[in-house]
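To start, the structure under review is shown below, and the notes come after it.
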Amino acid sequence: MKRFWFLIPLAAFLALAVMLAVGLKLDPREVPSPLIDKPAPKFALQRLDDAARTIRLDDMRGKVWMLNVWASWCVACREEHPLLVEFAKKRVVPLYGLNYKDQREDAKGWLARFGNPYDASLFDDEGRVGIDFGVYGVPETFVIDQNGVIRLKHIGPLTPDVIATKIEPLLKKLDA
Amino acid sequence: MPETLSRAIVALLLALCAAQVVAKEAAPEAADPALEARMTRITAELRCLVCQNQTIADSNAGLAVDLRRETRELLRQGKSDEEIVAYMTARYGDFVLYRPPLKPTTALLWFGPAAMLLLGGTVLLLVLRRRTRLAADAFEPDEEGEDLGERGDPAASAAASAAGPATGSATGSATGPATGIARP
C-alpha cells in the first residue's frame, strides 16, 4: 500500500486538471433557468401589428407553442432569423414572437425586410414580460406545452443543430 | 512663473473633471432618497445577468436598469427585501445572488476552499513531523552551510582577502575563485 503513496500527488493533479478542463467547457453566459417545468408567467400584451388586440397566456391553452424573443436592435436575431422562417414553413407548432424592448415601427420594418415567421408578435416595449420569463440575452426561445408549462429554454440564436436535436424531439414527445 | 501658472490651470481642469464625474454618479433616479437607498442596498446583492461580474446596482446594462425599476416598484408596493429577492430568483435562479444559499448543490462552493486549505495544511504538517523524526544524515548537506564552512577556514579566508581587492574591482573576471567568496 505504502509503495503507491507517491501516486497521490499525481492523482490529485489529474483530478484538478479534469475539473478545470470541464470548467473551461462550461459557458458562464448560459444560466440554467428556474422556469423549466414551471407554469409560464401570465401575460396580456398588445399585438405588434395591431395595438387594439391583446394576446394572453390563456389564449394558448391546449396547444404546444413556441415563443421566440427578438428585437430589431438585436444582431444575433438577424443571424437566426432565416432559420426561424424555414422552421415556420413546416408549420409544426404555432410560433409567437416576443418583441422585446423595441420601437413598434422599427420592429414592423424589420419583419417586412427579413420576413415574418411568427403567427403573431407580442409587443413588450418595457421588457416586463421579458423579465417574467427571465429573459436576459436576446434571442431566446421557449417551448410551452398544452398545460402552459415551460418545457425548454434556449438562450442565444437557434442553430440547425439545436432545432434538430433539442426542439424537434421535444415537440414530437409532446405530440404537437 | 509661466510653468507654475500652466500647472495651476491643469490642476483646476482636472478638479473640474473630477467634480463632473461625481455629479454623474450621484444622479438621482427617484424623488425618494430612502427608497433609493433601500433599492441600492438590495440590488447590490444581485448579479447582473448581462455583465456577470457587476451587481445590478452598478451596471448600466438595459436589463439592470429595468430590474432596478422593478425593484423600486416592488418597494413602493410595500414588498419586503426577502420578497424582492424571491422575485428575482424565481425568474433568474440562484445565479442572481452574490451570496448563494447553502444547498447540497452549493456545498462544494461554500466549503471547497476551506477543505482544500485543511487538506494542504494536514499534508504539510505530516511531512514536517516526519522530517523532524529523521536523522540529520537523511538530508543532503546545505549549500549555505558549505559556504560558511569555507569562510571559517583560515586558509580560505586568507586567500579571499588576497584575491578580494584584485577580482572585486573587475566584475565578471574569469579569474575569480569559483567558491563565491569574491562576490562583491
> What pairs can you find where one residue is in the range B:47-58 and more than 11 Å from every other protein chain (Cβ to nearest Cβ) and of a type in the set (S, T, N, Q), the other is surrounded by 14 or more Cβ atoms within 10 Å (Cβ to Cβ) and in a strand (DSSP E or B), and their Cβ atoms are less than 7 Å apart, with a gap of 6+ or different chains?
Replying inline: B:Thr55/B:Leu46; B:Thr55/B:Arg47
>> Looking at (1) part of a loop (DSSP other than H, G, I, E, B); (2) surrounded by fewer than 19 Cβ atoms within 10 Å (Cβ to Cβ); (3) within 14 Å of another protein chain (Cβ to nearest Cβ), which one does A:Lys63 not meet, given that it meets all the others?
In response: (3)
>> Condition check: in the same structural domain as B:Ala44 (by TED's automatic domain parsing) and at pLDDT 90 or above. Does B:Arg91 satisfy that?
In response: yes
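If I filter the range A:149-158 for residues that are closer than 12 Å to A:Trp70 by Cα, in contact (Cβ under 8 Å) with a residue 40 or more places away in the chain and within 12 Å of chain B (Cβ to nearest Cβ), do I get at least one hit?
Residues of the range A:149-158 closer than 12 Å to A:Trp70 by Cα: A:155-158.
Pick out the ones that are also in contact (Cβ under 8 Å) with a residue 40 or more places away in the chain and you get A:155-158.
Next, from what is left, pick out any that are within 12 Å of chain B (Cβ to nearest Cβ): A:155.
Yes, some residue in the range A:149-158 is closer than 12 Å to A:Trp70 by Cα, in contact (Cβ under 8 Å) with a residue 40 or more places away in the chain and within 12 Å of chain B (Cβ to nearest Cβ).
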> Just one of A:Val31, A:Val92 is touching a residue at least 40 places away in the same chain (Cβ under 8 Å) and within 12 Å of chain B (Cβ to nearest Cβ); which is it?
Replying inline: A:Val31
>> I need the full set of residues from the range A:107-141 which are free of Cβ contacts under 8 Å to residues at least 40 places away in the same chain and aromatic (Phe, Trp, Tyr), in order please.
In response: A:Trp110, A:Phe114
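Mind checking whether some residue in the range A:74-83 is away from chain B (no Cβ under 14 Å), touching a helix residue (DSSP H, G or I) at 6+ places or on another chain (Cβ under 9 Å), surrounded by 15 or more Cβ atoms within 10 Å (Cβ to Cβ) and touching a residue at least 40 places away in the same chain (Cβ under 8 Å)? Steps first, please.
Residues of the range A:74-83 that are away from chain B (no Cβ under 14 Å), as a first pass: A:75, A:77-83.
From what's left, touching a helix residue (DSSP H, G or I) at 6+ places or on another chain (Cβ under 9 Å): A:77-78, A:81-83.
Filter once more, keeping what is surrounded by 15 or more Cβ atoms within 10 Å (Cβ to Cβ): A:77-78, A:81, A:83.
Filter once more, so that each one left must be touching a residue at least 40 places away in the same chain (Cβ under 8 Å): A:77, A:83.
Yes: the range A:74-83 contains one or more residues that are away from chain B (no Cβ under 14 Å), touching a helix residue (DSSP H, G or I) at 6+ places or on another chain (Cβ under 9 Å), surrounded by 15 or more Cβ atoms within 10 Å (Cβ to Cβ) and touching a residue at least 40 places away in the same chain (Cβ under 8 Å).
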> Across the range B:68-84, which residue is nearest to A:Ser33 (Cα to Cα) among those that are surrounded by 16 or more Cβ atoms within 10 Å (Cβ to Cβ) and within 13 Å of chain A (Cβ to nearest Cβ)?
Replying inline: B:Ile84
> Which one of B:Ala114, B:Ala163, B:Ala155 is modelled with pLDDT of 70 or more and either out of contact with any Phe, Trp or Tyr (no Cβ under 7 Å at 6 or more places or on another chain) or assigned to a helix (DSSP H, G or I) (or both)?
Replying inline: B:Ala114
> Looking at the range A:151-169, is at least one residue on the phi < 0 side of the Ramachandran plot, of a type in the set (Asp, Glu) and crowded, with 16+ Cβ neighbours inside 10 Å?
Replying inline: no
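The values are calculated or read from the model by the stated rules, or taken from the named source; none is laboratory data. What you are looking at is a predicted structure, and each value in this text was computed from that prediction instead of being measured. Cβ sites come from the backbone with ideal geometry, for glycine too, and all protein chains shown count toward neighbours.
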